[in-house]
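Before any comments, here is the structure.
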Amino acid sequence: MIKREKNSEYLVFITLVLLAFFLFGFSIYAAGPGTITYQGTVSDSVGAIPPDTNYAMRFTLFNALSAGTQKWQELHTGGNAVPVTKGCFSAELGSISSFPATLFQDNANLWLEVEVDLNANGFEGTEKYSPRVPFTAAPYAFQSDRATTATFAQSALKNLIRNFVVASGESVSAGDVVVFINENVKKGPSRDFGSEYVFNSASTSYICAAALSNTKFVVAYGDFGNSWYGTAVVGAVSGNTITYGSEYVYNSADTRYISAAALSNTKFVVAYLDFGNSGYGTAVVGEVSGNTITYGSKYVYNSASTWHPSAAALSATKFVVAYGDGGNSQYGTAVVGEVSGNNITFGSEYVYNSASTDFISATALSSNKFVVAYQDVENSQYGTAVVGDVSGNVITFGSEYVYNSATTVYNSAATLYNTKFVVVYYDEGNSWYGTAVVGDVSGNVITFGSEYVYNSAITHSPSTAALSNTKFVVAYRDFGNSQYGTALVGEVSGNTITYGSEYVYNSVDTRSVSAAALSNTKFVVAYLDLGNSSYGTAVVADLGIPLGIADAAASSGETVPVILHGISDHHSSLVPGAFYYGQPDGSLTATATDTRVGVAISPTELLLDIER
C-alpha cells in the first residue's frame with residue numbers, strides 16, 4: 001500500500017536532492033549562496049500521476065523535523081509555477097528567494113517541507129508532503145566566504161560535504177557508505193528495527209495491518225483470548241516506538257480470513273469471514289479519532305461460505321473485495337463496495353475465475369482498476385493474475401495470466417504504480433522458495449517479467465508492501481532460519497528485481513505476518529510471536545536514507561563529514577567503469593543490491609550516483 005497524506009487526491013513523493021548545482025562564477029568571494037536544482041515526483045494514493053501542467057509549489061526550510069522555526073521559504077507561483085511532466089518536476093530553489101548568507105553555517109540540520117497546489121485553490125494541509133525531507137545539500141561549497149584559496153574552491157566544487165552526528169553505539173570509517181536514520185548517520189544500507197510491541201496479550205491470528213498515515217496504522221485480527229472475536233487496534237509510531245490505543249471489537253463472533261484496507265487517514269474497511277453468521281463474507285467500516293475506533297454496521301457481501309477475502313481501497317469511498325465463493329464452487333469472485341459515512345452499499349458479484357480459487361490477494365492500480373493474484377486450483381494450482389476494470393459498481397475482467405507454472409501459495413500483491421505491481425509467493429515448483437515477480441499492465445493485459453527468488457528456503461506467510469514506485473518490502477517466516485521473522489527490500493528496474501540483505505526482526509517462530517508501508521523508508525510488520533505465547537506483536541523498521549560516503553572516521557555521538565555528491569577518493573582496487581553498491585557493513589560491492597552508490601572513475605575514486 002502506498003501511504004496517504006490526510007484525504008488528499010494526490011500525494012507528493014519527493015526524492016532527496018538529486019541534483020545540487022552551486023553557481024559561483026569566477027570570483028568565489030563575491031558569489032555567496034547559489035541555487036539548488038531539486039527534483040521529485042507527484043502521484044496519487046495508488047500511483048497515478050496528475051495531468052501534465054504547471055503547478056504552484058511552496059518550499060520551506062525548518063530547523064526541525066516537525067514544528068521548529070522557519071528559516072527560509074520560496075513560492076513558485078504564476079509565471080514561476082513548476083512544470084510537472086509525467087509526474088516529474090524540477091525546481092530551482094533559491095532562484096526567487098535567495099538563501100540567507102549564513103543559513104548553512106548557522107543551522108547544523110535543516111528539513112525541507114514541500115507543498116504542491118494540485119487543485120489550483122491555494123495551498124491546503126492535505127497537499128503537504130510529510131514527513132519533511134532532511135536537507136542534505138548544504139555543503140562547504142555554500143560557505144564560500146570561507147574560501148581563501150583557489151585550491152579550496154576547487155575542493156568545494158569537487159565534493160558536496162555536510163556534517164552529521166554518528167548514531168549512538170555506531171562508528172564509521174572513511175570510505176564507508178552511510179545512511180540517515182532518526183536524524184543521525186550509521187553504516188549502511190541498514191534496516192533499523194525498533195523494539196517489539198505487543199498489541200494483543202493473547203493468541204492472535206489472521207493478522208492484517210494497514211497504514212493510515214506515516215505515523216499511524218491499524219491492525220485487524222482474531223483474538224483467541226476473547227472467543228476469536230474480530231478486533232482491531234490503532235498503533236501510533238514515533239521514531240521506532242509504537243503506542244497502542246485500546247482494542248475494539250468489530251465482530252462479536254469467531255472471525256477469520258481478515259483483510260483490512262485504509263480508505264483515508266481516519267477510516268478503514270475490514271473484510272472477513274463471520275463464523276457467527278454461517279461463514280458469510282462480511283465487511284465493516286472503522287472510523288479512527290486519535291486511537292479510538294468507532295464502527296459502522298456490518299454488511300454481508302457474499303451470503304455463502306467465503307474463502308481468503310482480500311480488500312483493496314480504490315478511493316476514500318470505494319473498495320473492492322476479491323474472494324473464493326463457497327456458494328458457487330469456490331469460484332474467484334469480486335465485488336465493489338461504496339462507503340457513505342460508515343455505511344456500505346455493495347454492487348453485484350462478478351466472477352474472475354470459473355474454478356476453485358485460493359490464496360487471493362487484491363491490490364488497486366487506480367480508482368477504477370485493480371489486479372487480483374491467486375492460486376488457480378483447477379489449473380494445477382498455478383499462480384495467476386487478472387485485471388478488473390470498475391465502472392460504478394460494475395466490474396469487467398480481462399484475461400487470466402499465469403505468473404508461476406507450479407503450485408503457488410501465500411500470494412501477496414502490491415501496487416508499485418498504476419501500470420506495475422509485484423507479487424510475492426511460495427513456489428512449490430522450486431523447493432517452496434520465496435519468490436517474486438513484476439507484472440506490467442496495459443489495458444487489461446498483464447506482461448510478467450522473470451521470477452526472482454528472495455529466500456532460498458521454505459518460505460511461509462510472505463507479505464509485501466510498496467515503499468515507492470521502484471521498491472517494496474517483503475516480510476516472511478523463514479524456514480531456512482528456524483522460522484524466524486525476516487524482512488528484505490526488493491528494488492525494481494523494468495521487470496528485474498534486485499534484493500537487499502535479509503534482516504531478522506523476530507528471532508523465534510513467527511506466523512500470520514502482515515507488512516504495511518508507513519513511508520518510502522519506514523514500514524511496520526505485525527505478526528503472531530510464537531516465542532511469546534502467540535501474542536499479537538508489531539515492530540517498526542526504518543530503512544534509512546542512503547546519504548553518501550564518510551569523509552573521515554568517527555564514533556558514537558561524534559560529528560562526521562559526509563560526501564553527498566561528487567567524487568569520493570577513499571577507496572582502493574575499484575574497477576573503472578563498474579557500478580558499486582552498498583552493503584550492510586558500509587563496504588562497497590560490485591554485486592547489485594538495493595542501494596546503488598556510484599560508478600568507479602579510477603581504482604581509488606568513486607563518482608557518487610546514489611539512489612535516495
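The values are calculated or read from the model by the stated rules, or taken from the named source; none is laboratory data. Treat the numbers as computed from the prediction; the structure is a model and nothing was measured. Cβ sites come from the backbone with ideal geometry, for glycine too, and all protein chains shown count toward neighbours.
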Query raised in the report: Which one of the conditions (1) free of Cβ contacts under 8 Å to residues at least 40 places away in the same chain; (2) closer than 18 Å to Ala261 by Cα does Asn379 fail to meet, given that it meets all the rest?
Result: (2)
Report summary line: Of the residues in segment 530-553, those that are surrounded by fewer than 24 Cβ atoms within 10 Å (Cβ to Cβ) and more than 25 Å from the chain's Cα centre (by Cα) number 9
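Considering only strands (runs of 3 or more DSSP E) fully contained in segment 80-119, which possess at least 1 residues that are under 26 Å from Asn163 (Cβ atoms) and assigned by TED's automatic domain parsing to the domain that holds Ala67?
Working: elements: 82-85, 88-93, 111-117.
Correct list: 88-93, 111-117.
Sort out for me the strands (runs of 3 or more DSSP E) sitting completely within segment 211-292 that have 3 or more residues that are of a type outside the set (Lys, Arg) and surrounded by fewer than 21 Cβ atoms within 10 Å (Cβ to Cβ). Can you show your working first?
Values: elements: 216-223, 229-238, 241-244, 248-262, 267-274, 280-289.
Because the criterion is at least 3 residues that are of a type outside the set (Lys, Arg) and surrounded by fewer than 21 Cβ atoms within 10 Å (Cβ to Cβ), the strands (runs of 3 or more DSSP E) in segment 211-292 that meet it are 229-238, 241-244, 248-262, 280-289.
Please find, within segment 573-612, the residue that is surrounded by the fewest Cβ atoms within 10 Å (Cβ to Cβ) out of those that are within 14 Å of Asp176 (Cβ to Cβ) and small (Gly, Ala, Ser). Give the steps one after another, and end with the answer.
As a first pass, look at segment 573-612 and keep what is within 14 Å of Asp176 (Cβ to Cβ): 580-589, 595, 597-598, 606, 608, 610.
Okay, now just the ones that are also small (Gly, Ala, Ser), so 582, 586-587, 598.
On the way: Gly582: 28, Gly586: 22, Ser587: 15, Gly598: 26.
The extreme case among them is Ser587.
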Query raised in the report: Hey, does segment 289-306 have a residue that's in contact (Cβ under 8 Å) with a residue 60 or more places away in the chain and of a type outside the set (Val, Ile, Thr)?
Result: no
Query - segment 302-334, residues that are surrounded by fewer than 23 Cβ atoms within 10 Å (Cβ to Cβ), in a strand (DSSP E or B) and of a type in the set (Ser, Thr, Tyr) - result: Ser303, Ser305, Ser315, Tyr331
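Table: residues versus (1) of a type in the set (Gly, Ala, Ser); (2) farther than 18 Å from Val513 by Cβ.
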position: Ala210; (1), (2): yes, no
position: Lys216; (1), (2): no, yes
position: Gly225; (1), (2): yes, yes
position: Val234; (1), (2): no, yes
position: Ser238; (1), (2): yes, yes
position: Ile242; (1), (2): no, no
Query raised in the report: Of all residues in segment 341-381, how many are closer than 24 Å to Tyr295 by Cα and of a type in the set (A, V, I, L, M, F, W, C)?
Result: 4
Query raised in the report: Is at least one residue of segment 561-579 over 23 Å from Asn411 (Cβ atoms), at pLDDT below 95 and aromatic (Phe, Trp, Tyr)?
Result: yes
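Confirm whether Val198 is more than 30 Å from Ser259 (Cα to Cα), in a strand (DSSP E or B) and modelled with pLDDT of 85 or more.
Working: more than 30 Å from Ser259 (Cα to Cα): no; in a strand (DSSP E or B): yes; modelled with pLDDT of 85 or more: yes.
Against the criterion (more than 30 Å from Ser259 (Cα to Cα), in a strand (DSSP E or B) and modelled with pLDDT of 85 or more), Val198 does not qualify.
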Query raised in the report: Hey, any hits in segment 88-99 for a residue that's among the hydrophobic types (A, V, I, L, M, F, W, C) and in contact (Cβ under 8 Å) with a residue 60 or more places away in the chain?
Result: yes
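Based on this model, can you work out whether Ala262 counts as within 13 Å of Val218 (Cα to Cα), of a type outside the set (Val, Ile, Thr) and touching a Leu at 6+ places or on another chain (Cβ under 9 Å)? Write out each step before concluding.
Numbers: within 13 Å of Val218 (Cα to Cα): yes; of a type outside the set (Val, Ile, Thr): yes; touching a Leu at 6+ places or on another chain (Cβ under 9 Å): yes.
Against the criterion (within 13 Å of Val218 (Cα to Cα), of a type outside the set (Val, Ile, Thr) and touching a Leu at 6+ places or on another chain (Cβ under 9 Å)), Ala262 qualifies.
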Report task. Please specify each residue of segment 468-517 satisfying the condition of being surrounded by fewer than 24 Cβ atoms within 10 Å (Cβ to Cβ) and part of a loop (DSSP other than H, G, I, E, B). Result -> Ser468, Asn469, Thr470, Ser482, Gln483, Gly494, Asn495, Ser501, Glu502
